[in-house]
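Values quoted throughout were computed directly from the atomic coordinates according to the rules given, and no laboratory measurement underlies them. Worth saying up front: this structure is predicted, and the values here are computed from it rather than measured. Glycine also receives a Cβ, built like all others from the backbone with ideal geometry; neighbour counts cover every protein chain displayed.
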Amino acid sequence: MTYSQSPSKGGVNPPDDSFVSRSLRIANAAVPSLAVIPLLQHVGAAARCVVQPGDHVREGMLIGAADGPISANVHSSIPGRVVEIRTLRLPDGAICPSVVVELGGEFEASGKPPKELPWENLSRQDVLQKIQAAGVVGLGGELFPTHVKLAVAPGATVSLFVANGVDSDPALSADFVLLREKPLQIVQALRICKFLLAPTRTVLALGSNAEELVSIYERALREASLDCQIVVLPSRYPQGHEQLVLGSVGDGGTQTSSVILNVGTLYAIYEAVVLGKPLIERIVTVTGAPIKGPRNLKVRIGTRIGELFEECGGLSGPVGKVVIGNAMRGLAVESTETAVTKGTTGVVVFGPREARTRTEWPCIRCGSCIEACPWDLVPTRLYKLIKQGDLVTAEKEGLSRCTGCGCCAYACPSHIPLAAVLQDGMSTRRQVPRG
Amino acid sequence: MAERPEQGGHAALIVAPAPHVGIPGSTAGMTWSVVGALAPAAAWGIFMFGAAAVFVLVVSVGTAVLAELLCCLVSGRMTLSDGSAVLTGLVIGLLLSAGCPLYVPAAAAAFAILVVKQSFGGLGRNWMNPALAGVVFAQLSWGASMARWLPARGVAESGGLPPLDALRAAFSTTGWSGRTPLAVLASSGYTFSGLDATVVQWVNAHVLSIVGVSLRPGFFDLLVGHVTGAIGTICVPLLVLGAVALLRRGVMRWQVPVAFLSSFVVLAFLFGGLSTGQGWFAGGAGFQLFSGSLVLTAFFAATDPVTSPLGLRGRWVYGIGLGVLAFVMRFYGSLGDGIPVALVMGNCFVPLIDRATPRRQPENARKGVA
């Protein structure tokens with residue numbers, strides 16, 4: 001039932017300080033006094049604002065309605081009053097309205113024991129409807145609306161469904177801790193997904209740094225008598241990437257008939273379908289050298305990341321850089337006022353020394369970037385082509401396969417920003433017509 | 001830059017593209033560690049040849065640094081700290097005889113930095129190894145001065161020639177008058193140190209007599225570098241020690257030196273005897289391996305990433321090609337021990353090798369990446 005797979009080629013071993021956060025249970029972060037909730041927290045169109053300043057909102061009330069076929073609902077994470085609809089620039093550069101809610105009033109859901117609702121008698125359409133209503137999106141960072149991913153076209157068959165439990169970055173332990181603490185809920189969610197997709201084969205992929213989960217899930221799956229194979233993959237970065245997981249787990253078949261969901265998303269599906277709860281909080285790994293007590297927090301969407309530092313015992317020194325996501329491909333933010341969104345897998349804090357830009361040396365053709373690239377590219381060559389403006393040749397040599405995983409730049413002894421330039425080249429290439 | 005947390009947030013956080021972490025080392029650090037790895041061999045050279053070796057090394061390193069400084073002033077970019085000029089100067093000095101006139105290291109280093117490296121755009125853009133190209137330039141210009149050898153400490157009675165040159169001289173006067181190169185040297189009157197005689201005698205009597213073989217006189221001197229030769233090339237064990245340290249730290253990759261040395265040894269063993277009338281399988285491969293600048297070049301010049309192919313397959317092709325060129329230039333060439341010119345010739349083929357060994361089409365492409 002369980003077997004290990006050899007690693008995909010390339011990849012790197014970034015520093016991993018997750019042993020602290022791994023050992024601790026998920027803690028509930030304090031409810032924020034102010035929640036800043038962007039209406040674009042997913043791939044696709046921003047949600048349409050359905051509240052006005054001055055409105056009173058309840059916990060979990062819809063404040064942004066999905067707008068178009070690829071969009072997702074957004075809910076208020078706290079009860080209170082809408083003080084402002086503010087247009088904000090998100091860390092990735094997108095500009096969208098954000099609903100600012102000031103805490104007040106009564107908690108209707110939190111603090112009460114969750115009540116499980118039966119879902120077995122519901123139709124597929126009804127279950128999908130529940131997932132859509134709850135605003136569930138891919139919580140591994142991909143942020144694609146989940147109800148779209150789980151909707152199988154009539155007549156189509158899904159050959160492979162994968163629950164991805166391999167950490168996107170070994171230093172982020174949110175998925176691991178969730179898997180360890182919520183096996184019954186995850187197995188329930190697996191059952192829901194199997195019901196929706198009717199896949200030929202179902203796989204739970206775990207990282208090799210999470211061997212202790214194997215026995216937990218072997219037992220949980222056996223007790224639930226759910227047919228699901230456990231596959232252990234090397235936890236070398238970026239093995240958690242969807243394409244690499246599918247490449248390792250799949251049997252070489254077409255990926256078009258495969259569906260892969262992150263385990264955080266599975267838990268959100270469980271909450272949406274079984275508890276009827278919208279997606280208003282997520283698990284965030286808070287880590288980095290200046291953080292006194294790195295840990296995994298259950299955080300309400302809209303909480304400003306600066307408030308999370310106090311939850312982790314405060315800071316032991318000055319801060320030079322704050323990154324949302326992971327250290328390999330996360331976005332550095334300008335301010336700790338930035339709000340946690342559905343896509344915030346982690347917050348990584350760097351001291352001033354670690355944050356400084358390292359001296360860049362000329363490329364000495366050492367080939368480290370080639371060895372590190374999981375996608376079989378020659379990053380140094382693509383970098384030179386992009387710098388020369390020759391995007392056509394760069395594309396011929398595979399530029400479009402670059403996923404921005406950052407391995408090339410990580411491995412470069414000359415500290416050349418290969419990944420950033422390659423990603424730049426890709427976005428430029430997308431803007432100009434193909435020639 | 002935020003120096004201390006302020007109330008309600010942190011002023012001026014650094015915003016930079018991902019990744020926000022990287023490997024600990026740097027290109028400059030790698031270059032300086034190569035300089036460090038060559039230090040033991042350099043120290044041995046200074047011990048064996050005395051102050052004359054110091055002068056040669058100081059002049060070669062000093063000229064390289066001054067030339068680099070001149071280029072920094074012209075271009076306005078300070079590149080001295082990347083260590084490449086010091087390394088180039090050091091390699092040049094180590095490849096020269098302690099007895100050569102001081103204008104030789106100066107000219108070789110100036111040529112290496114000014115012409116070979118900086119005129120092509122500096123570190124990373126030169127297509128020939130600067131140090132070895134500088135040495136070849138000097139060999140072509142002042143061949144006779146470069147062959148002015150200084151006898152090493154304790155081996156003065158040998159006639160002052162390195163074993164390889166002495167073998168050539170012996171062959172041209174008396175022909176091949178023994179079975180192995182060391183036997184030829186012995187019969188031509190080439191003498192080794194007293195220590196060598198003691199050690200070889202002891203080993204023959206107490207260790208090898210058990211299995212019925214014996215070492216030739218001179219074996220020990222050749223092995224530990226107790227011979228005349230270029231300053232940094234004579235002590236192979238110290239060179240290997242430095243190379244192993246670099247391999248362990250991941251600064252150096254093993255494919256090129258292994259391919260280089262093994263293809264050279266195989267060719268020398270198979271065909272090395274043909275040029276002296278010894279026939280097949282009589283090349284004295286061990287003697288050839290330990291002589292001249294082969295080991296230093298294989299570990300510290302052929303591994304120069306700037307002038308090596310990018311890919312792994314290309315590196316194997318390059319290494320084997322270097323072995324072939326080194327064999328041809330040593331046994332049939334006329335330029336010193338043939339190794340520097342072989343390396344520089346190998347450099348010329350690198351763009352061709354890169355072109356001929358493209359990346360295989362990756363599997364990921366087939367799997368339909370969106």
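Here are the numbers:
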| item | result |
| --- | --- |
| Lys/Arg +1, Asp/Glu -1 at C-beta; chain A dipole; positive extreme among A:LEU315, A:LEU139, A:VAL101 | A:LEU139 |
| Peptide A:362-373, shielding by other chains (average Cβ, 10 Å cutoff) | 6 |
| Sorted by Cβ density within 10 Å, fewest first, the residues A:SER235, B:SER81 | B:SER81, A:SER235 |
| Helix runs (DSSP H) in chain B reaching 27 Å along axis by Cα, Kyte-Doolittle at least -1.0 | B:27-49, B:51-75, B:312-332 |
| Total charge dipole magnitude, chain A, about the Cα centre, Cβ charges on Lys, Arg, Asp, Glu only, Debye to nearest 20 | 520 |
| Derived scalar couplings ³J(HN,Hα) [the range A:296-304; Karplus, 6.51 cos²θ - 1.76 cosθ + 1.60; whole Hz; x for Gly, Pro] | 9, 10, 8, 10, 6, 4, x, 5, 7 |
| Virtual spin-label span in nm between A:THR200 and B:VAL54, 7 Å along Cα→Cβ | 7.8 |
| Rg to Rh, two decimals, where the range A:368-431 supplies the alpha carbon set and Rh follows Kirkwood | 0.92 |
| Among A:ASN209, A:ASN326, A:ASN262, residue whose mean-square fluctuation peaks in a GNM of chain A (springs only between Cα atoms under 10 Å) | A:ASN209 |
| P(r) histogram, all alpha-carbon pairs of chain B included - 20 Å bins from 0, percent | 27, 52, 17, 4, 0 |
| Within 10 Å of each Cβ in B:116-129, the average number of Cβ atoms from other chains | 1 |
| Calculated FRET value between B:SER275 and A:ASP390, using beta carbons and R₀ = 45 Å, to 0.05 | 0.35 |
| Model label zone, A:ALA27; criterion: amide N under 13 Å from point 7 Å along Cα-to-beta-carbon; scope the range A:313-346 | A:313-315 |
| Per-pair calculated FRET efficiency, R0 = 51 Å: B:SER119 and A:ARG353 via Cβ, rounded to 0.05 | 0.85 |
| Cα pair distances in the protein assembly as shown, grouped into 20 Å bins until the bin that holds the longest one, percent each | 14, 37, 26, 17, 5, 0 |
| Cα gyration tensor shape for the range A:350-393, rounded if a/c is under 1.5, else prolate or oblate | prolate |
| In order through the range A:268-285: 3J(HN,Hα) via Karplus (6.51 cos²θ - 1.76 cosθ + 1.60), integer Hz, x for Gly, Pro | 5, 5, 4, 4, 5, 7, 8, 9, x, 9, x, 7, 10, 8, 8, 8, 10, 7 |
| Neighbour-count ranking [beta-carbon atoms within 10 angstrom, fewest first] of A:GLU271, A:GLU120 | A:GLU120, A:GLU271 |
| Selected from B:VAL306, B:VAL15, B:VAL34 as most flexible by GNM, with chain B as the system and alpha-carbon contacts under 10 Å | B:VAL15 |
| Filter on A:LYS115/A:LYS292; A:LYS130/A:LYS182; A:LYS9/A:LYS387; A:LYS149/A:LYS384; A:LYS130/A:LYS321; A:LYS115/A:LYS149 - keep pairs with C-alpha separation over 31 Å | A:LYS115/A:LYS292; A:LYS149/A:LYS384; A:LYS130/A:LYS321 |
| Footprinting exposure proxy for A:ASP424, B:ASP196, A:ASP175 (fewest neighbouring C-beta atoms within 10 Å first) | A:ASP424, B:ASP196, A:ASP175 |
| Two-site label geometry, B:PHE47 and B:ARG248: point separation in nm, points 7 Å out along Cα→Cβ | 1.9 |
| Stretchable slack from A:GLU337 to A:ARG86, in nm (0.36 nm times residue separation minus alpha-carbon distance) | 89.0 nm |
